[in-house]
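> After the structure tokens below, expect a handful of questions from me.
Nothing in this text is a laboratory measurement; each read-out follows from the coordinates by a stated rule. Keep in mind that what you see is a predicted model, and the values were worked out from it rather than measured. Don't worry about glycine lacking a Cβ; one is built from the backbone with ideal geometry, like all the others, and counts go over all protein chains shown.
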Amino acid sequence: MNRHSKGALIALAIVLGVAAGTAFTSASAASLKVTSQALTPFRTCTVTATPSTTSSVIDSSVRQASPTTNYGTTTTMDVASATSANRRSYIKFDLSGCAPAIPASATVRAATLRLYVSTLPAACRTLDFFRVTSSWAETTVTWNNQPFGTTINNPASSSRTGSFDVGTPTGCLNRTAGYVTGADVTSDVAAFVAGTATNNGWMIRDDAENSSTTRTTTFSAKNLSTLAQAPQLVVTYVTAS
């Protein structure tokens, strides 16, 4: 059978099908309907501690061995565990600097505290970070007047927001200089955004203070004025559609 005969048979089949009530349908790209969905794109706000004069970020250390001295203008922040010479660091990021502003109705998907560690202890240490529940000032906070008081190993580790390990030994999470991994503050930032908690930042201390051997971790502070090492808070969120 030649191609002309085949074409004639196909045409006849279509005519007979229509006569018998058989439906033949076709579709083209132009006739397809696409339903538009409401998209909720992720947004990211990064608050960076630069320049050194910025008020969007405040940071300081407090030292047990110098209980009335303020270290809010130093270029580094320390966390140390040592007999009668413990050190803690305080840091706060002002979220109002985000552009566009994060609405109170936003859902915070992730928030990470980025601190640049410049000096690591020779032993692997666990550093805890806690949401601060009262106000403090960069230029006046000291060991004696710090929000969490002067009691060693206070607050309890069980009340921490989170923790990360730092130190040079094999197996420690953060073993070299650079931004630390593991400082997840999502729940705290979500509370700050929603207005269910006041943003007073975080305090960082060694999980076991008063070590018989001094163990010190040093972080870059905003006053170092080095953008590549500046403290940061990175917030990823979505807004209601």
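> Restricting attention to the stretch 107-126, and to residues there that are in contact (Cβ under 8 Å) with a residue 60 or more places away in the chain and not in a strand (DSSP E or B), which single residue is farthest from Val185 (Cα to Cα)?
So the residue we want is Ala122.
> Within the stretch 99-125, restricting attention to residues that are basic (Lys, Arg) and closer than 16 Å to Val234 by Cβ, which residue is surrounded by the fewest Cβ atoms within 10 Å (Cβ to Cβ)?
Across the stretch 99-125, the extreme among qualifying residues is Arg109.
> Determine, yes or no, whether Phe129 is in a strand (DSSP E or B), in contact (Cβ under 8 Å) with a residue 40 or more places away in the chain and in contact with a Leu (Cβ under 9 Å, 6 or more places away or on another chain).
Yes; evaluated as a whole, the condition is true for this residue.
> Looking only at the stretch 73-100, how many residues end up being touching a helix residue (DSSP H, G or I) at 6+ places or on another chain (Cβ under 8 Å), assigned to a loop (DSSP other than H, G, I, E, B) and within 15 Å of Ser55 (Cα to Cα)?
Qualifying residue count for the region: 1.
> Exactly one of these conditions fails for Ser163: (1) small (Gly, Ala, Ser); (2) at negative phi; (3) assigned to a loop (DSSP other than H, G, I, E, B). Give me its number.
(3) is the only condition that Ser163 fails.
> Please specify each residue of the stretch 153-168 satisfying the condition of being loosely packed, with under 13 Cβ neighbours inside 10 Å and in contact (Cβ under 8 Å) with a residue 24 or more places away in the chain.
Ser159
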